[in-house]
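Novice: My structure is below; once you've seen it, I'll send some questions.
Coordinate-derived values only; no laboratory data. Here the structure is a predicted model, which is why all the values come from computation and not from measurement. Positions of Cβ are backbone-derived with ideal geometry, glycine not excepted, and every protein chain shown enters the neighbour counts.
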Amino acid sequence: MISKNHILEIRKKKGLAQMEVSVKAGCSQSKLLSIEKYGFMPQPDLRQRIAKALDVSEGEVWPNLQTVDFPSAGGCNHDTNE
């Protein structure tokens, strides 16, 4: 999936090199480049690590990111012998 992000703007504003952010986020520089320049959408765990490396929220990096909250299974009754 391709998605607009603000990694470059935030990174430049904070004076961070791409390599520095990639090391802090635990990913390769080429992976960060693909995300930053070409808008590839990383998995949720990497999105969180990138935001943390930039010291901002995920929403600041990916403003159009919509998360899906799944309801808990607590209210479901899976008993077929009702």
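Novice: Residues of the stretch 1-19 being outside any loop (DSSP other than H, G, I, E, B), farther than 19 Å from Asn64 by Cα and touching a residue at least 12 places away in the same chain (Cβ under 8 Å), which ones? Before you say what the answer is, go through the steps one by one.
Specialist: Quick first cut of the stretch 1-19, residues outside any loop (DSSP other than H, G, I, E, B) only: 2, 7-13, 18-19.
From the residues that got through so far, the ones that are farther than 19 Å from Asn64 by Cα too are 12-13, 18-19.
Residue satisfying the conditions is Gln18 alone.
Novice: Can you tell me which residues in the stretch 29-66 are among the polar types (S, T, N, Q) and in contact with a Ser or Thr (Cβ under 6 Å, 6 or more places away or on another chain)?
Specialist: Here is the first cut: in the stretch 29-66, the residues among the polar types (S, T, N, Q) are 29-30, 34, 43, 48, 57, 64, 66.
Within the stretch 29-66, Gln29 is the sole residue that qualifies.
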